[in-house]
Structures are given as structure tokens and as C-alpha cells.
Amino acid sequence: MKTTLVKKSITILIVIGGLSAPSIASASSIYSSNNSFWRKSRWVTFTKNVHVSKIKITHPSYKSYAVDSFTLKRGAHYKIDHFGSDYAWGLNSGRYTPTPKYSYIINNSGHKWFVFGKKTLDPHKLKKQSKNGYENMYVTSTRKGILYFGSPYSKKKQAVKPNTKLNLLSYGTTNNGREWYRVKTEYNKTGWVSKRSFTLARVTNHLTASLNANSTFLIGNTVPNANVSTPEQPEIKYVRADIKGNYKLPLLTSIGYYNTDSTLYVVSSAWGYQDASTEVDFVGHSY
């Protein structure tokens, strides 16, 4: 009963106050407030920004007045009402549900600012993209794939042969929720491939290790800037290899810490690369 009174009050308010420009619609049109379709609120998606006034309802209703105004963004989903004239649209959803004291009137005229239902606008448009910095990673597929140039779903595209390696540049997501890889081919062409069709992989790592003459350091080579560590030495978390991949890892030298028949396990870890490992034999070395 309260909701009916609110709707009637708002209808009178809009007709008298002229908050919105009139739109012409026949009773048979789905956009006409006389259509029985509007006996209940309907979910819509805004195709344009929508301007809304918060109305303080008074009695008599023609003295009702706006106490606030705001804008709802294109692409938002809300329930709306269409009142007893072709002049007024109102919000009826979530925090914007009308009460006997307040209502929320949409100031947009006509009906070309929404579509019915919860829709995804511009489904093929990128809504977010990660920064570059994945040059040590690549994607590949065991099946034939598609590379889109410029943007996902672009009309300019080409087939990708199975097992082709494409260097990873960044990640992206389109408005329809599909995830993509931005990649570079061996011919330095950039484009997008679907994450559904391609598998992410890392570049192969390498690691060498040997004891120095005094058996106080492990020395060797791995990929640039990798972290090199030995699980047997929890006190020494890791050392960082230089830009050429050379490293020098100190050993714990407490008496009796290692036996001459000990084997030391060494690991190299670097972003974008597979982990690499090797073992160093202490036979023939002593402190």
C-alpha cells in the first residue's frame, strides 16, 4: 500500500514539477507507462550516464522537492519503475529503493539510455591490462590458435600453428570476462591470444656449481639476477647472481658441519624461468 502511495505521489510530482522532458509512447509500446509490463520493476542496464534526483516526498505532493542529485555510470544494472504517465522514470533497487519519505527520480528523457536486462556493454573491449615485463615467459598451444592484431577480437587476425612459442608481454581482460595474453611473435609482431587456448610456460633455466679452492664458497653460473640458495643452509637464504649470471655463495664453515662425503643441493630461482638445481660433491674436500 505504501509503495502504491509513493508511486502516485511521484507521478503527480513529475507531471506538475516537470523534472523530466516528456517522451511520446503509445499504450501498446513496452516503453509506455500504461503497458502492464510496468506493473512491477524491471532490471535494466544503463547505456548512458543517468542523472538522478533524490526527492523528499511531502503532502501535498506538489510541494515535494529535490534534496540531492547524483549520476550513475554507463553499464550499471538497476531496477527501474515507469510511473502513471510517460514523463517519469524512477529507481527501485538496492540503496535507491523508494520509501514513503524519499524517492529517486531519473532525469533522463526518452528511453534510449537503457536496455532491458543485465547486459555487458562493449563485451569485446579491454577493461584492464597488466604492465609489460614478462619477457622471460612464453605461451604455446598444442592445437591451432588465433592471433588477433591490435586488440582482442580484431578483424585483423592470423592462424597460429600448434607448438608455436609466443613471447608474453602482458595480460588483459575484456568486459565479457575473458582473459587474454598479449604476445610477440618471432617476427616482432604483437597481438592477443585467448588464455583458454594457450598455456603459459617459462624459459628454461640453467645452473652450474663448484667449490672454490678453499672450500668456502660455491661458485657458478645461472640466468641473470637469479636467486641461488642451498636448502641445507637455512641461515643463508640466497645470494643474487649478477647480470651475467655469475654468483658466489658462501658456505657455513663450522667445524664438523660438513663431512667429506656430503653432497650439497643448490637451487636457482628467477622470475619467468623454471627453477634449476644441481648437486655439489664434497669428496676430496675438507676444512
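Structural remarks
- Residue check for F37: in a helix (DSSP H, G or I), at pLDDT 90 or above and touching a His at 6+ places or on another chain (Cβ under 9 Å): yes
- When S210 is tested against (1) under 30 Å from Y153 (Cα atoms); (2) exposed (fewer than 15 other Cβ atoms within 10 Å of the Cβ), only condition (1) is not met.
- Within region 136-150, the set of residues being under 13 Å from Y181 (Cβ atoms) and not hydrophobic (A, V, I, L, M, F, W, C) comprises Y138, T140, S141, G145, Y148.
- Screening the candidates F83, F114 for the property of being among the hydrophobic types (A, V, I, L, M, F, W, C), more than 29 Å from the chain's Cα centre (by Cα) and crowded, with 16+ Cβ neighbours inside 10 Å yields one hit, F83.
- Members of region 140-181 that are closer than 24 Å to D275 by Cα and touching a Gly at 6+ places or on another chain (Cβ under 9 Å): T164, L166, L168, L169, S170, Y181
- Any hit, region 175-193, residues being over 28 Å from the mean Cα position of the chain (by Cα), polar (S, T, N, Q) and either outside any loop (DSSP other than H, G, I, E, B) or surrounded by 15 or more Cβ atoms within 10 Å (Cβ to Cβ) (or both): no
- For region 185-201, the tally of residues that are farther than 12 Å from T140 by Cα and among the basic types (K, R) stands at 1.
- Exactly one residue out of R74, R42 is of a type outside the set (S, T, Y) and either over 17 Å from G94 (Cβ atoms) or more than 33 Å from the chain's Cα centre (by Cα) (or both): that is R74.
- Strands (runs of 3 or more DSSP E) contained in region 74-157 and holding at least 3 residues farther than 30 Å from V193 by Cα: 77-82, 89-91, 102-106, 114-116
- Output for region 40-65, where each listed residue is in a strand (DSSP E or B) and surrounded by fewer than 15 Cβ atoms within 10 Å (Cβ to Cβ): W43, K56, Y65
- Here K155 meets each of (1) touching a strand residue (DSSP E or B) at 6+ places or on another chain (Cβ under 8 Å); (2) surrounded by fewer than 15 Cβ atoms within 10 Å (Cβ to Cβ); (3) within 30 Å of A201 (Cβ to Cβ) with one exception, condition (1).
The values are calculated or read from the model by the stated rules, or taken from the named source; none is laboratory data. Bear in mind the structure is a predicted one, so any value in this text is a computation, not a measurement. Positions of Cβ are generated from backbone atoms using ideal geometry, with glycine treated the same way; all protein chains shown enter the neighbour counts.
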